[in-house]
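Chemist: Provided herewith is a single structure, encoded as structure tokens, for subsequent inquiry.
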Amino acid sequence: MTIDTGSARPVVELKPAAMLPVIEIFGPTVQGEGRLVGTPCHFVRFGGCDYRCSWCDTPFAVLPEEVRKNAVRMGPKDIRRELDYLDGAPLWVIVSGGNPAILPLAPFIDHLHDRGFKVALETQGSKYPKWLHMVDLLTLSPKPPSSGMVTDFDVLDEIISGAIETEQAVDVKIVIFNEDDFQYAREVSARYNMGMRMQNSDFRFFLSQGTNVGQSTRDDLLDAAVNLMERSLRDPYLCKAAVAVQQHVLYWGHRRGV
Ligand code: SF4
């Protein structure tokens, strides 16, 4: 079976649905970051990731032994049924991980669209399954040097080119912990000409103040965000970026399931 995902979108081959490693399904809650900040949503978190970021705040969805322990294998219909049991009636489902781009999610996204949901998905941009362009909002969060990971810009270039071609809504988000990360954000902005991209395509660019799980207080987070904002506003490469504080961390800290 194939589906046409929209006028400018590619035709995606739908293979039989695989069983997917689900770590958590929860909602209603609000999205804490990006252009949907404050928007009611349900969350689906999948297990498995090809990265091992030094400051990862979801190791329970990354480390293979944790994923084996925590994940429940579910098909797209089962996940949709679980979403139907939740309270509220948000428009959006946020798909996160781990890195959900390592999984065959085309049938799952198709199910969510059939049910009337809009789908936002976050990935670091290290893998490029063509179904990425089925989602209504793609958040690309390439990881800066403090993560200990190295960005594969060939893959990221392809994803961004595909998003421009398909006129997809894209949030590019970079977490900033230190000076090297700030310089990395400048490089990403220059590489993808983010200022022009935001004018001519449905792209938005966010800098997000990094938080140390269990260490950063709300005041630390706000102070660091103000510093980042004051600096980026005067930087030629970052002056059009929105500086965002992870609102869910402000509200709930790093508690799971909110
Ligand atoms: S890419 Fe995201 S989920 Fe994967 S290790 Fe890094 S922070 Fe964790």
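Laboratory data are not the source of any read-out in this text; all were calculated from the coordinates shown. Here the structure is a predicted model, which means the values were calculated and not measured. For neighbour counting, all protein chains shown are included, and Cβ atoms are generated from backbone atoms with ideal geometry for every residue, glycine included.
Chemist: By how many degrees, between 0 and 90 and to the nearest 10, does the Cα long axis of helix 179-191 differ from the longest principal axis of the chain?
Modeler: 70 degrees
Chemist: Turning to a different aspect of this structure: Whole angstrom only: what separates the Cα centroid of the range 110-131 from the Cα centroid of the range 40-95?
Modeler: 13 Å
Chemist: Next question. Using the Cα centre of the range 67-222 as origin and beta-carbon charges of +1 (Lys, Arg) and -1 (Asp, Glu), tell me which of 101, 155, 85 is placed farthest towards the positive end of the dipole.
Modeler: Projecting each Cα onto the dipole axis, the largest value belongs to 85.
Chemist: Springs between alpha-carbon pairs under 10 angstrom, Gaussian network model over the chain: which of 162, 125, 88 fluctuates most?
Modeler: Of the options given, 88 has the highest mean-square fluctuation.
Chemist: Then there is this: Over the range 40-173, what is the relative contact order in percent, taking alpha-carbon pairs closer than 8 angstrom and at least six residues apart?
Modeler: 25 percent.
Chemist: While we're looking at this one, here's another question. In nm, what is the difference between 0.36 nm times the number of residues separating residue 251 and residue 130 and their Cα-Cα distance?
Modeler: Separation in residues times 0.36 nm, less the Cα-Cα distance, equals 40.1 nm.
Chemist: Nearest 20 debye, what's the magnitude of the dipole of the range 89-169 about its Cα centre given +1 on Lys and Arg Cβ and -1 on Asp and Glu Cβ?
Modeler: Values: 5 positive and 10 negative charges, 62 e Å.
Dipole about the Cα centre, nearest 20: 300 debye.
Chemist: With springs connecting C-alpha atoms under 10 Å apart, model the chain as a Gaussian network and identify which of 246, 31, 215 has the largest mean-square fluctuation.
Modeler: Top of the fluctuation ranking is 215.
Chemist: Mind giving me the FRET efficiency for residue 212 and residue 233? R0 is 25 Å, r the Cβ-Cβ distance, nearest 0.05 is fine.
Modeler: Details: r = 25 Å, r/R0 = 0.98.
My answer for the efficiency is 0.55.
Chemist: Among the DSSP beta bridges whose two residues both lie in the range 12-110, what percent are antiparallel, rounded to the nearest 5? The partial results should precede the final answer.
Modeler: Numbers: 9 of 14 bridges.
Of the beta bridges lying entirely in the range 12-110, close to 65 percent run antiparallel.
Chemist: Under 5 Å between amide hydrogens, which residues at least 5 positions from residue 175 or on another chain qualify, with H placed 1.01 Å from N in the peptide plane?
Modeler: Excluding prolines and chain starts, which carry no amide H, the hits are 208.
Chemist: Next up: Against the longest alpha carbon principal axis of the chain, how many degrees, from 0 to 90 and to the nearest 10, is the axis of helix 76-85 turned?
Modeler: The two axes meet at around 80 degrees.
Chemist: Working from Cα positions, state the angle (0 to 90°, nearest 10) between the long axis of helix 153-165 and the longest principal axis of the chain.
Modeler: So the inclination is approximately 70 degrees.
Chemist: Taking amide H positions as placed in the peptide plane 1.01 Å from N, state which residues far from residue 148 in sequence (5 or more) or on other chains have amide H under 5 Å from it.
Modeler: Close amide H contacts, sequence-distant or interchain: 54.
Chemist: Which residue, 138, 207, 156, has the most motion in a Gaussian network model of the chain that connects Cα atoms within less than 10 Å?
Modeler: 156
Chemist: Here's something else I'd like to know. In nanometres, what is the gap between the two model label sites at residue 201 and residue 158, each 7 Å from Cα along Cα-to-Cβ?
Modeler: For the pair residue 201/residue 158, the computed spacing is 1.6 nm.
Chemist: Right, next: Can you give the longest stretch of the chain with no exposed loop site, where a site means trypsin sites (Lys or Arg not before Pro) in a DSSP loop (not H, G, I, E or B) with at most 14 other C-beta atoms within 10 Å?
Modeler: That would be 116-233.
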